[in-house]
Amino acid sequence: MSFFFFDAFFFSGRVINRFVTDVAQVDDLLSMSMEDFMLCFLSVLAPFVFAILAFPYIAVVMPFIFYVVVKTLRYVTHTMNELKRLDGVTRSSVLSVLAASLYGLSPIRAMGSEDVQKDAFMRHLRTNAKVCFFWLASQRFYSFVIDSTMTGFIGIVVAMAIVLRNYTDPALMALALVYSLQLVIYVQFAARR
């Protein structure tokens, strides 16, 4: 394709500029997301490995913890995606009512229908606020489930350490508890990212 197209249609420069900007933004976000993923992954993997090396009985509990975290993550991710979609839909109606009110301010005042427009705007705004509230509630639900699961994990590790205190070196048990606590902190951090 020759440059004639770009010379003849001046708006194409804006399109290309927008495309290049979008690609640059994706490149920037991808590298940051990859760095974030590697940080979270290695922060969870290291205490996991060291805790199992210090106290191998922890490996019995790990599949159940992993199952609960993954199952909850799938449920909450699906819910939050749908709520974000609904947020976009309800926000667009709020913005369209607001724009219509601003552009038609003179006729609205002339007809004396300020209350009608205000009621319509507030109705759309309440609908959007409900969606935003449920999105925040689903975040809190996920945080509560992760916190409860990790608290249960620490309780099980402590109970196993007490039951098996005569069969395991106390220094290794203490090391396993320290790494288990570190694992709990990093799993909660990674789950919220």
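Just so it is clear, none of the values below were taken in a lab; they were calculated from the coordinates. What you are looking at is a predicted structure, and each value in this text was computed from that prediction instead of being measured. FYI the Cβ positions are ideal-geometry reconstructions off the backbone, even for glycines, and counts take in every protein chain you see.
Go ahead and set up a Gaussian network model of the chain, Cα springs under 10 Å, then flag whichever of ARG126, ARG109, ARG140 fluctuates most. So, out of ARG126, ARG109, ARG140, the one fluctuating most is ARG109. Measuring r between the beta carbons of PHE133 and ALA99 and using R0 = 25 Å, the FRET efficiency lands at 0.55. The charge dipole of the range 110-190, taken about its Cα centre with unit charges on the Cβ atoms of Lys, Arg (+1), Asp and Glu (-1) only, comes to about 100 debye.
In straight-distance terms, cross-link reach from LYS84 covers every one of the lysines whose alpha-carbon lies under 18 Å from its own, apart from those fewer than eight places away in the same chain; here that gives LYS130. Around the Cα centre of the chain, unit charges on the Cβ atoms of Lys, Arg, Asp and Glu (plus for the first two, minus for the last two) sum to a dipole of about 580 debye.
By the gyration tensor of its Cα atoms, with a ≥ b ≥ c the square roots of the eigenvalues, what is the shape of the chain: rounded for a/c under 1.5, prolate for a/b over b/c, or oblate?
Oblate shape, in that a/c is at least 1.5 and b/c is the bigger or equal ratio.
Using 1/(1 + (r/R0)^6) with R0 = 41 angstrom and r between the beta carbons of PHE141 and TYR167, what's the FRET efficiency to the nearest 0.05? Efficiency for this residue pair is about 0.60. Dividing the summed -39500 (n - 2.57) terms of all DSSP H runs of n ≥ 4 by the residue count of the chain sets its mean residue ellipticity at 222 nm at -31500 deg cm²/dmol. Each of ALA59, VAL178, HIS78 was placed along the dipole of the chain (beta-carbon charges, centred on the mean Cα), and the one lying farthest toward the positive end is HIS78. Ranking SER138, PHE41, ALA24 by Cα position along the charge dipole of the range 12-138, where only Lys, Arg, Asp and Glu carry charges on their C-beta atoms, puts SER138 farthest toward the positive end. The spacing between the range 114-129 and the range 32-98, judged by their C-alpha centroids, is 35 Å.
For helix 114-163, report the angle its Cα long axis makes with the longest principal axis of the Cα atoms of the chain; keep it between 0 and 90° and round to the nearest 10°. Between the helix axis and the principal axis of the chain, the angle is about 10 degrees.
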